[in-house]
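Here is the structure we will look at, set down as structure tokens.
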Amino acid sequence: MNPDCPNMAFSDEMATPFAEAVNKCHKVVLTCHVNADGDALGSTLGLRKVLINMGKDATVVTPDLAPTSYAWMMGFKSLVCYERQQEEADKLLDEADLIVMMDYNDLGRVKTLGEKIMSLSTPRMLIDHHLDPVVQADVMISRPHASATCQVLFNLLLAAGFSQFIDEEAVTNMYAGVITDTGGLSYNSSDPDIYILVAEMLRRGVDKAYVHEKIFNNKSVKQVKLQGFALGRKFHRVEKYPLALISLSKEELERFNYTTGDTEGLVNIPLQVRDIKVSCLILERPDCVKMSFRSKGDFPVNEYAAKYFGGGGHLNAAGGAFHGPIDDAVDLYQKTIVDFYVRWMKRTAK
Ligand code: 5GP
Ligand code: MN
């Protein structure tokens with residue numbers, strides 16, 4: 001057992017494939033999902049820093065532009081965006097001897113970057129916490145019970161004996177991932193081990209107050225105004241059911257000078273209502289209508305997202321997409337969520 005973290009989820013043997021891949025590589029490209037969040041960026045930028053501390057060359061390639069709300073994260077400026085800097089990213093991927101796929105389980109989550117990854121015979125490693133990975137990798141580290149990919153990564157690094165390479169910058173990014181994916185340890189964090197892990201992170205120098213300020217109190221005025229508009233004018237309940245809906249059209253988003261990340265956290269707010277169990281945010285994006293779902297208790301929004309919107313995710317946080325007019329996406333949600341909810345109530349005899 002590693003004395004640094006007694007209750008970690010990995011035995012030294014379980015971490016061996018990870019340790020071997022890391023020891024062998026020289027040039028690494030780390031990738032995460034579209035519309036990166038704190039866990040996607042925390043895990044990739046955290047591992048990048050650890051690899052650099054080990055004397056390796058490591059770069060994070062994101063499929064699309066990472067939201068600027070995470071610009072405070074250490075290493076953010078080093079991100080290479082596949083959509084915007086494809087030539088540079090292709091060169092990095094062509095020269096890499098290891099590609100790490102973090103915080104996603106399906107190449108559908110990385111847009112055209114997925115096709116590039118599949119075209120290469122470079123060894124791949126997956127580190128993730130989503131259910132049922134469909135992506136294939138030479139080293140598969142999938143922990144669906146973990147709260148965050150950053151939790152998996154931190155435990156792995158300790159079990160692999162790489163503790164001395166985790167500096168303050170790396171651990172701060174990993175802590176940020178745990179905090180984003182658990183809403184500041186409020187949901188998806190019932191496992192007591194997460195608190196031992198957080199204690200170990202703080203012991204290593206994370207400035208908790210700073211990270212919480214950056215994650216939870218870092219909005220712009222236009223973001224708060226958009227939130228006010230969305231809650232005041234666009235928040236509806238679906239008939240008599242405990243199901244909420246907010247939809248924002250392209251025109252409405254433009255009125256608030258919207259940029260990616262501006263609606264982050266908005267989908268959670270309807271769940272603050274006592275008897276709302278499911279919340280849905282529908283956003284008209286240039287390429288599709290983006291669907292975001294959140295739930296309380298054991299209502300499986302990931303199943304619903306997969307069934308009607310070609311998506312997936314976690315039990316209480318999932319997403320998907322709709323290809324067509326936003327009004328049709330709203331109609332489809334209103335029609336199908338009631339049916340799904342009623343069937344689920346019967347199935348679970350509630
Ligand atoms: P969000 O609503 O914040 O975009 O996504 C919440 C969670 O749902 C993400 O962490 C991710 O696991 C999942 N998710 C979001 N969009 C998609 C999607 O289009 N496909 C799949 N498979 N999962 C998604
Ligand atoms: Mn995550």
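The values are calculated or read from the model by the stated rules, or taken from the named source; none is laboratory data. These numbers were taken from a predicted model, which means no experiment stands behind them. Every residue, glycine among them, receives a Cβ derived from its backbone with ideal geometry; neighbour counts consider all protein chains shown. Each accessible area value is taken on the protein alone, full model and side chains, heavy atoms only, with ligands, DNA and RNA left out. Shrake-Rupley method; radii C 1.70, N 1.55, O 1.52, S 1.80 Å.
Sparsely packed loop sites in the stretch 1-91 (the GluC sites (Glu not before Pro) outside DSSP H, G, I, E and B with at most 14 other Cβ atoms within 10 Å) comprise GLU13, GLU83. Accessible surface area normalised per residue over the stretch 193-350 is 51 Å², counting heavy atoms of protein chains with a 1.4 Å rolling probe. Within 10 Å of each candidate Cβ there may be at most 12 other Cβ atoms; applying that plus a DSSP loop requirement, which trypsin sites (Lys or Arg not before Pro) in the stretch 243-318 survive? Filter output for the stretch 243-318: ARG274.
Could you look at the chain and say what percent of its accessible area is carbon and sulfur, using a 1.4 Å probe and all protein chains? Summing carbon and sulfur atoms, their accessible area is 51 percent of the total for the chain. Net charge in the neighbourhood of ALA137 (other residues with Cβ under 10 Å of its Cβ; Lys, Arg +1, Asp, Glu -1) is -1.
Model label points for ASP327 and LYS234, set 7 angstrom from Cα along the Cα-to-Cβ axis, are 1.6 nm apart. Rounded to the nearest 500, what is the chain's calculated 222 nm mean residue ellipticity when only DSSP H runs of at least 4 contribute -39500 (n - 2.57) each, over all residues? So the helix-based figure for the chain works out to -12000 deg cm²/dmol. Can you give the angle from 0 to 90° between the axis of helix 86-95 and the longest principal axis of the chain, with both taken from C-alpha atoms, to the nearest 10? The two axes meet at around 40 degrees. Near LEU45, once Lys and Arg are set to +1 and Asp and Glu to -1 for all other residues with Cβ below 14 Å from its Cβ, the sum equals -2.
Keeping all protein chains in place and using 1.4 angstrom, which order do HIS236, HIS145 fall into by accessible surface area, from largest down?
Details: HIS236 95, HIS145 180 Å².
These residues rank, largest area first, as HIS145, HIS236.
For the cross-link pairs LYS219/LYS296; LYS208/LYS234; LYS214/LYS335; LYS77/LYS307; LYS214/LYS296; LYS116/LYS219, the ones whose C-alpha atoms lie over 28 Å apart are LYS208/LYS234; LYS214/LYS335; LYS77/LYS307; LYS116/LYS219. Based on C-alpha pairs under 8 angstrom that are at least 6 apart in sequence, the chain has a relative contact order of 13 percent. Full extension of the chain between HIS145 and THR348 gives 70.9 nm of extra length, using 0.36 nm per residue less the Cα-Cα distance.
For the pair LEU185 and ASP94 in one chain, pulling the backbone fully straight at 0.36 nm per residue adds 28.9 nm over the alpha carbon distance.
Neighbours of GLY265 by Cβ distance under 13 Å: Lys/Arg scored +1, Asp/Glu scored -1, total -2.
Rounded to the nearest 0.05, what FRET efficiency do ASN53 and ASP298 give with R0 = 51 Å and r taken as the Cβ-Cβ distance? Could you check?
According to the calculation, E is roughly 0.80.
Taking trypsin sites (Lys or Arg not before Pro) across the stretch 201-243, the ones in a DSSP loop with at most 10 further Cβ atoms lying within 10 angstrom of their Cβ are LYS240.
For the chain, modelled as a GNM whose springs connect Cα atoms under 10 angstrom apart, the maximal fluctuation among MET14, MET101, MET74 occurs at MET14.
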